[in-house]
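Peer 1: Supplied in structure tokens, the structure appears directly below.
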Amino acid sequence: MEAEVTATAAARDSEAEIHPLKTEDAKAQENHENFVERRIIKSSGLSRLSRWRTAAFFISLFLCLIIVFAFSFIIPCPERPVSERTWFQYYNNAVPYPFLAMEDVNEDKVQDVLFAFKSSNTSSGFNVSCLDKGLPSPCVFLAAVSGTNGSVFWESPAAEDVQWLQCGIQQLGTAQAPGCLVVEKPLSLTAVDLQTGEVLWRKSKDFGANYTVLTPLSVIPDVDNDGVQDLIIFITKERQVNTFIHSGKTGQQVGHTHSLKVDGNARYVRLNLRSSPYFLFYTEKSVYAYSLEDLCSAVIGTEVKFPKFHPDSLWEKHIDHTTRRLSLLRFEDVRYLAKVPGHSQDNVLVVNSDMATLINTKDLQTLWTLNVSRALSEPLLGNYKPDVHGIVLESEIGPNRKKVMIVESGSGAVQWELKLHWGAGSPAPATLPTADHRSAFLVWGDYQEPGNETTHRAPLQKLYLFHPSYTNVLLELRNSTDQIVAFTAALFERSRHACYVLLRGPQPGQGPGPVSLMKRKLKEDVLVSRVIWLRHTADDDEQRVRDRLYRMRFQSRD
């Protein structure tokens, strides 16, 4: 048996030696059969996985189609509010106040109008009276009117009398939306919810008589650590400026009242330097300066530090720390102090009785001066050239005569000017940004062509539009004989719907009478405007000018 096995093995070895590849082929064939079997098994698994992937793809595609169908046909898209071109709101037996504020009350991305009037009751069906809020009748109502159609959102009895109204203040009380602050007379501060008109808080302070509240009110960082920004308020009385801080959350006074002696009737401007905000109080002859930290420290009684701010070393060098007078800004008969944007920080424009002077705040040196006689209104910013700041100045040049100038802020060069007749109480000018990075300028007065001037009649109140694309053209938009209490212009929607708002009625101090609030789209007046040629050119065409300015686009500035 063993001999047989041995012989068989020897025969296989002998065959392997004679045919060496035959054995390799047999093994390869065997391995190939095993590989094919494994591949068939693996391919079967991949096939099942591929089917799952295909099913997942078609299910995802089906879900996407359902979502697209739902959003396209089933779920309605939010409707964009359609703004009426013109609307009116009328009140009887009322007296309006010279305040107009623009805010989005109902969060529809359209600006709404807030204003104040004194009356015995509301005129829009709101069942609320002065007595309901513990106020004597008549009292001051604060009203919010829709910018789209003029409907009244709310009317709220807010005060016995009003000195100042300021809206758009963030974080008043616990409200999520911005609020309004009403400064009453006698002095009382009332915070009002912008969306509902409800009073958030009211605080009173007795300063006696003959005081003036300096406006606008200023918001400052949180100094009482309650998580809400605070308010700093200035009043002037008997040649001193009293400063006090109130909590934006509760209205409570923070710290104590700080007093600054001044040499006349003071006003103020808040100037933003790179290092810190500065508050400049100015009289006819002097300018007094406080950094934000110094002012807060004086009120709180201990040193206050804000992480992002520190006093400017150059300014501190020229401030008398006893009187707080700024030595390098000494002018006579100062009418206005205004901030003008510079390359990296604000500059200061000083306007006195016969001159306008721009001061560089980096070195307190004069950049330019310009002859300006008897300024009539606060300097206004606009753009005569693309992206170049211009300053609108109005000056009196004779009885019932004024000159409107647009001045380039960098050089002081007069870019455009216009002489108009005007009457007392004429509204201040306004500007609107246009898509070509310039501005449309709106001015009030009564233009009379040279040679045809009439001096025997009282000047009319006419609204004119000027745009730098036509330096020789003035559009007369509106001719008004009513008493205008307040006027403003704004873009009611972002980068579109340029409008102006007029509040007309009895002047404050007069008896009650009819009051009207009107919003009008600017383009509606452009279509029917009267074209005035300041100088004639060869290609004069009135309709072409109207069409071009009608197509003019507006663009919000961030």
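The values are calculated or read from the model by the stated rules, or taken from the named source; none is laboratory data. Here the structure is a predicted model, which means the values were calculated and not measured. All Cβ positions, glycine included, derive from the backbone under ideal geometry; neighbour counts span all protein chains shown. When the accessible area is computed, the model is the full protein with side chains, heavy atoms only, and any ligands, DNA or RNA have been set aside. Shrake-Rupley method; radii C 1.70, N 1.55, O 1.52, S 1.80 Å.
Peer 1: Return the FRET efficiency for the residue pair E524, W368: r is the Cβ-Cβ distance, R0 is 56 Å, and the value is rounded to the nearest 0.05. Don't skip to the end; give the middle numbers.
Peer 2: Working: r = 40 Å, r/R0 = 0.71.
Working from the Cβ atoms, E equals 0.90.
Peer 1: Compute the Cα gyration tensor for the stretch 229-378, then decide on rounded, prolate or oblate, letting a ≥ b ≥ c be the square roots of its eigenvalues: rounded whenever a/c is under 1.5, prolate when a/b is larger than b/c in the other cases, and oblate in all that remain. Write down the numbers at each step before the final one.
Peer 2: Working: a/c = 1.90, a/b = 1.46, b/c = 1.30.
Prolate.
Peer 1: Placing +1 at every Lys and Arg Cβ and -1 at every Asp and Glu Cβ, with all other atoms neutral, what dipole size does the stretch 348-488 have around its Cα centre, in debye to the nearest 20? Mind showing how you got there, number by number?
Peer 2: Numbers: 11 positive and 14 negative charges, 21 e Å.
Roughly 100 debye for the stretch 348-488.
Peer 1: Could you give log10 I(q)/I(0) at q = 0.12, 0.26 Å⁻¹ for the stretch 211-300, computed by the Debye formula over C-alpha point scatterers of equal weight, without solvent?
Peer 2: Those come out to -0.34, -1.45, one per q.
Peer 1: For H437, H343, H467, H321, write out the residues from largest to smallest accessible area, computed with a 1.4 angstrom probe and no ligands counted.
Peer 2: Values: H437 75, H343 200, H467 10, H321 110 Å².
Heavy-atom accessible area, descending, gives H343, H321, H437, H467.
Peer 1: Considering only F99, P399, S297, whose Cα is most displaced toward the positive end of the charge dipole of the chain, charges sitting on Cβ of Lys, Arg (+1) and Asp, Glu (-1)?
Peer 2: P399
Peer 1: Would you calculate the separation in nanometres between label points at S129 and D161, each defined as 7 Å from the Cα along the Cα-to-beta-carbon direction?
Peer 2: Calculated label separation equals 2.3 nm.
Peer 1: Got a sec to turn the phi values of the stretch 373-388 into Karplus ³J(HN,Hα) couplings, 6.51 cos²θ - 1.76 cosθ + 1.60 with θ = phi - 60°, whole Hz, x for Gly and Pro?
Peer 2: With coefficients 6.51, -1.76 and 1.60, one gets 9, 6, 4, 9, 8, 5, x, 10, 8, x, 10, 7, 9, x, 6, 10 Hz.
Peer 1: If you don't mind, there's one more thing I want to ask. Provide the FRET efficiency to the nearest 0.05 for the S480-D333 pair, computing r from the beta carbons and using R0 = 22 Å. Could the numbers behind the result be given before it?
Peer 2: Details: r = 33 Å, r/R0 = 1.49.
According to the calculation, E is roughly 0.10.
Peer 1: So what's the angle, to the nearest 10 degrees on a 0 to 90 scale, between helix 2-18 and the longest Cα principal axis of the chain?
Peer 2: In the chain, helix 2-18 runs at an angle near 60 degrees to the longest axis.
Peer 1: Can I ask one more? Under the Karplus relation 6.51 cos²θ - 1.76 cosθ + 1.60, θ = phi - 60°, what is the ordered set of whole-Hz ³J(HN,Hα) values for the stretch 402-407, x standing for Gly and Pro?
Peer 2: 9, 10, 9, 10, 10, 10
Peer 1: Dipole of the chain, Cα-centred, from +1 at each Lys and Arg C-beta and -1 at each Asp and Glu C-beta, to the nearest 20 debye? Numbers along the way, then the final one.
Peer 2: Numbers: 60 positive and 64 negative charges, 328 e Å.
Charge dipole of the chain: 1580 debye, to the nearest 20.
Peer 1: Taking θ as phi - 60°, what are the ³J(HN,Hα) couplings along the stretch 527-540 by the Karplus curve (6.51, -1.76, 1.60), each to the nearest whole Hz, with x for Gly and Pro?
Peer 2: Calculated HN-Hα couplings, in order: 4, 10, 6, 9, 7, 10, 8, 6, 8, 8, 10, 5, 9, 4 Hz.
Peer 1: Check Q461: other-chain or 5+ apart residues with amide H under 5 Å from its amide H, H built from backbone geometry?
Peer 2: Amide H to amide H, under 5 Å and 5 or more residues apart or across chains, Q461 pairs with S480.
Peer 1: With no solvent and one point per C-alpha, what does the Debye sum give as log10 I(q)/I(0) for the stretch 450-552 at q = 0.11, 0.23 Å⁻¹?
Peer 2: Reported log10 I(q)/I(0), two decimals: -0.45, -1.27.
Peer 1: Okay, next question. Rounded, prolate or oblate: which fits the stretch 296-392 when a ≥ b ≥ c are the square roots of the eigenvalues of the alpha-carbon gyration tensor, with rounded for a/c under 1.5 and prolate only if a/b beats b/c? Write down the numbers at each step before the final one.
Peer 2: Numbers: a/c = 2.20, a/b = 1.57, b/c = 1.40.
Prolate shape, in that a/c is at least 1.5 and a/b is the bigger ratio.
Peer 1: Using amide H atoms built 1.01 Å from N in the peptide plane, name the residues 5+ places from V128, or on other chains, whose amide H lies under 5 Å from its own.
Peer 2: T122
Peer 1: Ok, one more. To the nearest Å, what is the center-to-center distance of the stretch 359-415 and the stretch 480-558, using C-alpha atoms only?
Peer 2: Centre-to-centre (Cα) distance: 23 Å.
Peer 1: Highest mean first, how do 521-528, 100-107 rank when packing is the count of other Cβ atoms within 10 Å averaged over residues? Intermediate values should be presented prior to the final figure.
Peer 2: Working: 521-528: 16.2, 100-107: 18.0.
With the highest mean Cβ count within 10 Å placed first, the list reads 100-107, 521-528.
Peer 1: For N149 paired with T323, estimate the spin-label separation in nm (one decimal), with each label point 7 Å from Cα along the Cα-to-Cβ line.
Peer 2: It works out to 6.2 nm between the two label points.
Peer 1: Amide H of F99: which non-local residues (sequence gap of 5 or more, or other chain) have their own amide H closer than 5 Å, using H built in the peptide plane?
Peer 2: Here A116 satisfy the definition.
Peer 1: If you don't mind, another one. So for the pair E238, E284, with labels modelled 7 Å out along Cα→Cβ, what separation do we get in nm?
Peer 2: Output for this residue pair reads 2.1 nm.
Peer 1: State log₁₀ I(q)/I(0) for the chain at q = 0.07 Å⁻¹ as given by the Debye formula over alpha-carbon point scatterers of equal weight, solvent excluded.
Peer 2: Log10 I(q)/I(0), no solvent term: -0.52.
Peer 1: In 5 Å bins starting at 0, how do the alpha-carbon pair distances of the stretch 149-272 split up by percent?
Peer 2: 2, 11, 20, 23, 19, 13, 7, 3, 1, 0
Peer 1: Rolling a 1.4 angstrom probe over the protein heavy atoms, how many square angstrom per residue are accessible across the stretch 153-252? Don't skip to the answer; put the middle values down first.
Peer 2: Values: 3880 Å² over 100 residues.
With the other protein chains kept in place, the stretch 153-252 gives 39 Å² per residue.
Peer 1: What's the carbon and sulfur percent of the chain's accessible surface, probe 1.4 angstrom, rounded to a whole number? Intermediate results must be reported in sequence, preceding the final value.
Peer 2: Details: 14610 of 28550 Å².
Accessible surface attributable to carbon and sulfur in the chain totals 51 percent.
Peer 1: Based on the Cβ-Cβ distance from F57 to Q415, what FRET efficiency comes out when R0 is 60 Å, to the nearest 0.05? Intermediate results must be reported in sequence, preceding the final value.
Peer 2: Values: r = 65 Å, r/R0 = 1.08.
Between F57 and Q415 the formula returns 0.40.
Peer 1: Where does each of 203-216, 168-181 land if you order them by average Cβ count within 10 Å, highest first?
Peer 2: With the highest mean Cβ count within 10 Å placed first, the list reads 168-181, 203-216.
Peer 1: Determine the alpha carbon to alpha carbon distance for each of K205/K249; K109/K521; K237/K308 and list only those over 26 Å.
Peer 2: On the way: K205/K249 17 Å; K109/K521 17 Å; K237/K308 33 Å.
Check vs 26 Å cut-off fails for K237/K308.
Peer 1: Mind checking which lysines have their Cα closer than 17 Å to the Cα of K339? Skip sequence neighbours fewer than 8 apart in that chain.
Peer 2: K362
Peer 1: Would you mind listing how long the stretch 94-209 runs along its three principal axes, going by Cα atoms, in whole Å with the largest first?
Peer 2: So the three principal-axis extents are 43, 30, 24 Å.
Peer 1: Roughly speaking, what is the stretch gain from D226 to F88, that is 0.36 nm per residue apart minus the C-alpha to C-alpha distance, in nm to one decimal? Don't jump to the answer; show the numbers that get you there.
Peer 2: Values: separation 138, 0.36 × 138 = 49.68 nm, distance 4.24 nm.
In short, 45.4 nm is gained.
Peer 1: I would also like to ask the following. Need one word for the stretch 263-347: rounded, prolate or oblate. Basis is the Cα gyration tensor (sqrt eigenvalues a ≥ b ≥ c); a/c below 1.5 gives rounded, then a/b vs b/c decides.
Peer 2: Numbers: a/c = 1.88, a/b = 1.27, b/c = 1.48.
Cα axes put the stretch 263-347 in the oblate bin.
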